[in-house]
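Below: one structure, written as structure tokens.
The values are calculated or read from the model by the stated rules, or taken from the named source; none is laboratory data. These numbers come from a predicted model, not from an experiment. Here Cβ is always computed from backbone atoms with ideal geometry, including for glycine, and neighbour counts include all displayed protein chains.
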Amino acid sequence: MTPLSATTSCPDLFRQLRREWGNVAWVELEPGVGAWLVMGYQELLTITRQEKLYSRDARNWRLFQEGVVPPDSGLGPMMFWRPNVVGADGAEHRRLRRPLDDGVAAIDQRRMRRAVETMCRQLIDGFAERGSADLVGEYAAVIPMLAIADLFGLDTDQGHELLAALRALFGSAEDSQAGNRKFEEILGGILHARKQAAADDLTSRFLAHPDLRGDAEVLQSMVVMISAGQETTTTWIAQTLRLMLTDPRFAGRLRGGRLGVDDALDEVLWRDPPMTNMPARYALRDTELGGQRIARGDALILGLSAANSDPRVHNGDQTIELGNRAHLAWSAGPHVCPAPIPARLITRTAVETALHLLADLRLAVDAAELTPHPSPWTRCPASLPVHFSTALIGDRS
Ligand code: HEM
């Protein structure tokens, strides 16, 4: 059985799976744990839109109920149920979702853009004199957290602390307890402060929202925004910079002005969506999808990258996609990403600022040496070592 993780390091595998299975393939999530990978564009719309048949609530996962997936499985952080918007269906989902949509709609985009640009410049200042950097570790992976922390009213230092805590949380077992405590301490601190005095930020909006019941739900909503936004936006920035550095056609079109930055970002969402695969829907009864018999309790993984290259919607020529935003990078249906606008704003600002400030930017290693960080879900480059000229830094405003 094909391991799902192989699809993130080898995109050609989707073609092979499609030949073998059609649009819905049986893959392995971890040894002994199978799931359906939904690779058809239409089939993906079906499972994301028909929530009465395909639930988002992982407690419906048969292999979990039967103990085949152990509670300490590595799949847990992405797949196990938690009491938040992600694991809810129907009316409960809508109640928990409204504060997110209202919060995102209230973001002052001009203010956010200025704040993100300042963060980008500060990060670049930190490595500019060296003439070299890892644009993933030192840039793409840092900006989203700082930007999201800022939305909640946290300052840059607290944003860095939050990132360190999150890394510890998902890092070694020793650090993870302390990371968790620090994470909760920082978010609990701003929650407490905004209860004393409201401010113009998302924390205060969540606290005042009539649909959120008590501090625990406010905190859950903050955590879900941070955890859903960090990796995804990091990957979007990193993939765009990687294409710039490795695909001369893409870089040439962008530098020559034939491709605007927003069009370039869309091209990345088509070619390499930040979430290659996304967990999951769970069949609430026996059914059929893409010619496969789906049993009640089966998990269905959203093959967002595969669906984008479904030959029924896409002829493989990336350049004709200008202006076409029908890709599935944000998924679809009630759980569609609530934050494409701030995500784009962060990514566009990060890419533009890097291109503006880092003159003569080039890869420091062979393109073939760039490998994705191992994950079944994303194809984020593990690092992006670059050289650039230090001469022009500071001359540009
Ligand atoms: C490149 C950036 C991003 C991409 C590609 C992305 C993509 C996605 C996808 C595919 C989903 C899953 C939809 C589903 O299960 O059907 C999702 C959900 C979500 N995203 Fe994003 N996202 C991005 C950035 C962000 C940011 C910056 C935030 C918050 C600041 C955010 C917050 C969320 C939340 C809260 C959900 C869960 C929504 C729900 O279950 O109703 N995302 N996103």
**Report entry** Residue ID - surrounded by the fewest Cβ atoms within 10 Å (Cβ to Cβ), chosen from residues in the stretch 121-138 that are more than 19 Å from the chain's Cα centre (by Cα) and not in a helix (DSSP H, G or I)
**Finding:** S132
Query raised in the report: Restricting the first residue to the stretch 104-115 and requiring it to be within 15 Å of T347 (Cα to Cα), which pairs with a second residue that is of a type in the set (D, E, K, R) and within 15 Å of the ligand (Cβ to nearest atom) meet a Cβ separation below 7 Å and a spacing of at least six or different chains?
Result: A115/D150
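Suppose we keep only residues that are of a type in the set (V, I, T) and under 22 Å from R111 (Cα atoms) within the stretch 202-231. Which one would you say is surrounded by the fewest Cβ atoms within 10 Å (Cβ to Cβ)?
Initially, the stretch 202-231 is screened for residues of a type in the set (V, I, T), giving 203, 218, 223-224, 226.
After this cut, where a residue has to be under 22 Å from R111 (Cα atoms) as well, the list is 203, 226.
Working: T203: 25, I226: 20.
Only one residue tops the list, namely I226.
So how many residues does the stretch 186-195 have that are surrounded by fewer than 13 Cβ atoms within 10 Å (Cβ to Cβ) and farther than 17 Å from G214 by Cβ?
The initial filter retains those residues of the stretch 186-195 that are surrounded by fewer than 13 Cβ atoms within 10 Å (Cβ to Cβ), namely 189, 192.
Filter once more, so that each one left must be farther than 17 Å from G214 by Cβ: 189.
Residues meeting the conditions: 1.
With a cut-off of at least 3 residues that are acidic (D, E), name the helices (runs of 4 or more DSSP H) lying wholly within the stretch 21-120. Before the answer, list the steps.
Working: elements: 41-49, 62-65, 76-79, 90-105.
Of the helices (runs of 4 or more DSSP H) lying wholly inside the stretch 21-120, those with at least 3 residues that are acidic (D, E) span 90-105.
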Report summary line: Looking across the stretch 155-172 at residues that are hydrophobic (A, V, I, L, M, F, W, C) and out of contact with any helix residue (DSSP H, G or I) (no Cβ under 6 Å at 6 or more places or on another chain), the single one that is surrounded by the fewest Cβ atoms within 10 Å (Cβ to Cβ) is F170
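Matching residues to (1) touching a Ser or Thr at 6+ places or on another chain (Cβ under 7 Å); (2) within 16 Å of the ligand (Cβ to nearest atom); (3) in a helix (DSSP H, G or I):
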| position | (1), (2), (3) |
| --- | --- |
| D215 | no, no, yes |
| V218 | no, yes, yes |
| V223 | no, yes, yes |
| T232 | no, yes, yes |
| A238 | no, yes, yes |
| A280 | no, yes, no |
Report summary line: Of those in the stretch 337-357 that are over 14 Å from A147 (Cα atoms) and within 6 Å of the ligand (Cβ to nearest atom), the residue farthest from the chain's Cα centre (by Cα) is P338
Query raised in the report: So how many residues does the stretch 28-67 have that are among the aromatic types (F, W, Y) and touching a helix residue (DSSP H, G or I) at 6+ places or on another chain (Cβ under 6 Å)?
Result: 2
**Report entry** In the stretch 256-290, residue nearest to T349 (Cα to Cα) [restricted to those that are at pLDDT 95 or above and in contact with a Gly (Cβ under 9 Å, 6 or more places away or on another chain)]
**Finding:** T276
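What residue, of L241, L302, L284, L328, is of a type in the set (A, V, I, L, M, F, W, C), more than 22 Å from V85 (Cα to Cα), surrounded by 14 or more Cβ atoms within 10 Å (Cβ to Cβ) and in contact (Cβ under 8 Å) with a residue 12 or more places away in the chain? Break it down stepwise before answering.
Working: L302 fails: more than 22 Å from V85 (Cα to Cα); L284 fails: more than 22 Å from V85 (Cα to Cα); L328 fails: more than 22 Å from V85 (Cα to Cα).
None of the other options fit; the residue is L241.
Matching residues to (1) of a type in the set (D, E); (2) touching a residue at least 60 places away in the same chain (Cβ under 8 Å); (3) within 15 Å of E288 (Cα to Cα):
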| position | (1), (2), (3) |
| --- | --- |
| S9 | no, yes, no |
| R15 | no, no, no |
| R18 | no, yes, no |
| M39 | no, yes, yes |
| R62 | no, yes, no |
| D72 | yes, no, no |
Report task. For R249, state whether it is out of contact with any strand residue (DSSP E or B) (no Cβ under 7 Å at 6 or more places or on another chain), assigned to a helix (DSSP H, G or I) and crowded, with 16+ Cβ neighbours inside 10 Å. Result -> no
Report summary line: Restricting the stretch 56-81 to residues that are polar (S, T, N, Q) and in contact with a Gly (Cβ under 9 Å, 6 or more places away or on another chain), the one surrounded by the most Cβ atoms within 10 Å (Cβ to Cβ) turns out to be N60
Query raised in the report: Which of the residues belonging to the stretch 1-24 are under 15 Å from P376 (Cα atoms) and either surrounded by 18 or more Cβ atoms within 10 Å (Cβ to Cβ) or of a type in the set (S, T, Y) (or both)?
Result: T2, L4, S5, T7, T8, S9, L13, F14
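Just to be sure, is R249 of a type in the set (K, R) and under 30 Å from G87 (Cβ atoms)?
Working: of a type in the set (K, R): yes; under 30 Å from G87 (Cβ atoms): no.
No; evaluated as a whole, the condition is false for this residue.
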